[in-house]
1. Return the pair list, or none, for Cβ contacts closer than 7 Å from residues in segment 841-868 that are on the phi > 0 side of the Ramachandran plot to residues that are at pLDDT below 90 and surrounded by 18 or more Cβ atoms within 10 Å (Cβ to Cβ), at least 6 apart or on different chains.
2. Could you tell me whether residue 984 is under 30 Å from residue 651 (Cβ atoms), touching a helix residue (DSSP H, G or I) at 6+ places or on another chain (Cβ under 8 Å) and assigned to a helix (DSSP H, G or I)?
3. Only one residue in 61, 45 is assigned to a helix (DSSP H, G or I) and in the same structural domain as residue 125 (by TED's automatic domain parsing). Which one?
4. Which pairs have Cβ atoms under 8 Å, sit 6 or more apart or on different chains, and link a residue in segment 795-815 that is in contact (Cβ under 8 Å) with a residue 12 or more places away in the chain and on the phi < 0 side of the Ramachandran plot to one that is loosely packed, with under 15 Cβ neighbours inside 10 Å and part of a strand (DSSP E or B)?
5. Among the residues of segment 170-206, what is the count of those that are closer than 30 Å to residue 299 by Cβ and either surrounded by fewer than 18 Cβ atoms within 10 Å (Cβ to Cβ) or without any contact (Cβ under 8 Å) to a residue 12 or more places away in the chain (or both)?
6. Only one residue in 340, 329 is touching a helix residue (DSSP H, G or I) at 6+ places or on another chain (Cβ under 6 Å) and touching a residue at least 60 places away in the same chain (Cβ under 8 Å), so which one is that?
7. Among the listed residues 961, 950, which satisfies the condition of being surrounded by 20 or more Cβ atoms within 10 Å (Cβ to Cβ) and under 26 Å from residue 863 (Cα atoms)?
8. Against the condition touching a residue at least 40 places away in the same chain (Cβ under 8 Å), within 30 Å of residue 721 (Cβ to Cβ) and assigned to a loop (DSSP other than H, G, I, E, B), how does residue 124 come out, does it pass?
């Protein structure tokens, strides 16, 4: 193969051009994303049950649905929230479920839910299923307008939604935060009683007045004419003029007994604010595989075109601009990539000569650009993980070329021709290098084969390394000799007796290795001591899952006491907004009340819908100011909002659980669960490094219970339903019909006038219509008394068991991790005595990290077995593979030392870096042992062959390690890859030294080789 590429220049140039041109075109055509796409395997089943208590919802609706859903295959977890009149069930599928299977499983979920609709109690509405959890609205903007009503904002937002949805590359446009309108018919109950107008009369009138009715068609002289009677209400004035009674010969119109107005609902589901002003949120999601930077440019151009159609005073403010974030990230990574390439080339030029450096640099560039072509074929995209993988691969990509080039240089110095030197070095190293390359790839295989969501999230790391490393082996054997002949065309052949290893560095290393082999047991004892010290030192290394993002955004989750009205929550959080906006370095502030924001980036998990919840999304000028503002917000909350629970957290870059620290309690009795939760909360609060202590069932709330006189009510012709309707109409209101206004269908809600609403002491004076007697009955005749009780507002279940979760967070303003805080409180929590039938389970980051590591380690044993088999096949014996694998545990020494010095935690990415070190170390060790096998026939004594082989591998092994280590430097500044980069730099640096010294020592021990006369 080598001779073919040396003789056929056109083929070599063609291969070079294919890789360069094809790779460049592929790079320009690759999709660009912030994070890799991964599958969200969740669906939400929502079932309203108006009027039911949380316990009734749980027992009559939630439990029935959960039992049916549990029969599905591939169910990982079912969790539910039962609250006043509403059941919310979250269904999570196994992480092994593939994206193409999702629709089939969601169809099965719909069938399971539909099959039990008939078993739900009367009054329960039909279940709705939402499986659109995977949508990421990476371009999110707020629409505001000083002096404009919400209806005005919504009209323009609907227009923008229609226009932006037509932009090429846009998949969906979502609009949230709209406060819906109502037609309020505010009734004077005393007037209704005096005129004896029944509620049913109003309901019938309002339902039919504005309904669309088919009056048929008239056929005449072969033509058809549609018949459309007039009389529907064209505006609110028409509603006021409706005749509701003809008592005593006088017409009674609706305006005589009610005030009618069109207004916003006072029970909105969710509210948005932008810098303290009411706002609507528009989120744009992108089609799969597109270049989001280009789509972002098209969106901006379309907005500019629509600017003249935007009413004066309305503003569009960007909350999150993923195209810009991706553009900055890709540009930054390309700069890092260029810096890493430059570092690698510079190092090679310094230590191997300028021609060798340029040769290696050329091969490196060809390999990297060719990798883009492989990525395009596979369907990979440019995102944080794949670009980071390229930088990680940089040093390893020149390993094979260094070995070939180094061997050819040595051959030239010994008098061989370029062709002979190429033949010899390729014949000697082709298969060992392939085996070493496959081993290096296999070391990363657990990343690509991990079946959980974390493995899916970082899976592109494995595939990029797979393609780039295989391509590096191919280019090393084909293009490296070809370009070597070009770069060293005028080099003179050396003396066959010339010793290329006479330099000072080689003499010093000869002394070191000779001493190590002579004092072999002392050397091995020292290595074991270092390994033991690393094991002890690891106990001082912090543990973390994923780090915070580089984007200067942080969140403030704000909970008022459960039972707080959403408008009151908005009022209270408004005070916090005012304080935040007065702080320096605040670039933008978005507030969402009643639930989390739209998912604008993949790691963001929106909070469930609660009227007592609000979230501030705060963007600062930079990371430094972000940390300072987080501290300011914490002080503001502690000083002026003592009644609120809160959580302050930066934007994460990996999967994020509901809370970093979570203790789950399972049991049947709510009182017992709350008592145990209180004990755990006390332990968490006593820990100074833990903040945001709270639990999932929230505070108990008061409920008003009118005691119904069944017997008396039956005699008076009043049912429990009649009383409930009367109470509803005199509190929150009752929907009586629908008002049509163009494309808008506005509910008509009847309720009492303000002075007759929301008075607990006045409930007995209400009038209940008795259809049997045809008149109103005072409510106090059917109500014995009005009781109040304290009840649970929420009942949470997990896998069909009641579950209460106690949450806490590591202090975000101190250098602590969730794992370290959990370690401090875990023993005290687990020491609590639990009653029979109750159990404790740890969730949070501990669970997500354990699941990710479990998925990773599930495929690790197979990878290790494959790597060991390859080494045995390469050398056809047992002792040499054992000598090679003896180096693997020693990588821990450098990893622990580097993490302790840097202060970085041992994160999931650091774990991946540590595992990948196995392949790097084995690759270098294989090259060294193969050289020993080559030298053995050339020397009389095995000892001389071992020393000679070790010396001859100093430069290629050191250069391979050094280029890899220095190529990692640009990644240290990236929060996501920093711990991995540090682990690789420290681990590979120490492991390389140990490879060159300890491996020959172990080899001599296994083969009983002794320095007979002390000379090599």
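1. 844/657
2. On the way: under 30 Å from residue 651 (Cβ atoms): yes; touching a helix residue (DSSP H, G or I) at 6+ places or on another chain (Cβ under 8 Å): yes; assigned to a helix (DSSP H, G or I): yes.
Yes, satisfied.
3. Numbers: 45 fails: assigned to a helix (DSSP H, G or I).
Of 61, 45, the one residue that is assigned to a helix (DSSP H, G or I) and in the same structural domain as residue 125 (by TED's automatic domain parsing) is 61.
4. That search, which allows pairs on different chains as well, returns 798/77.
5. Counting residues in segment 170-206 that are closer than 30 Å to residue 299 by Cβ and either surrounded by fewer than 18 Cβ atoms within 10 Å (Cβ to Cβ) or without any contact (Cβ under 8 Å) to a residue 12 or more places away in the chain (or both) gives 5.
6. On the way: 329 fails: touching a helix residue (DSSP H, G or I) at 6+ places or on another chain (Cβ under 6 Å).
Among 340, 329, only 340 is touching a helix residue (DSSP H, G or I) at 6+ places or on another chain (Cβ under 6 Å) and touching a residue at least 60 places away in the same chain (Cβ under 8 Å).
7. Every option except 961 fails the conditions.
8. Values: touching a residue at least 40 places away in the same chain (Cβ under 8 Å): yes; within 30 Å of residue 721 (Cβ to Cβ): yes; assigned to a loop (DSSP other than H, G, I, E, B): yes.
Yes; evaluated as a whole, the condition is true for this residue.
The values are calculated or read from the model by the stated rules, or taken from the named source; none is laboratory data. Here the structure is a predicted model, which is why all the values come from computation and not from measurement. Every residue, glycine among them, receives a Cβ derived from its backbone with ideal geometry; neighbour counts consider all protein chains shown.
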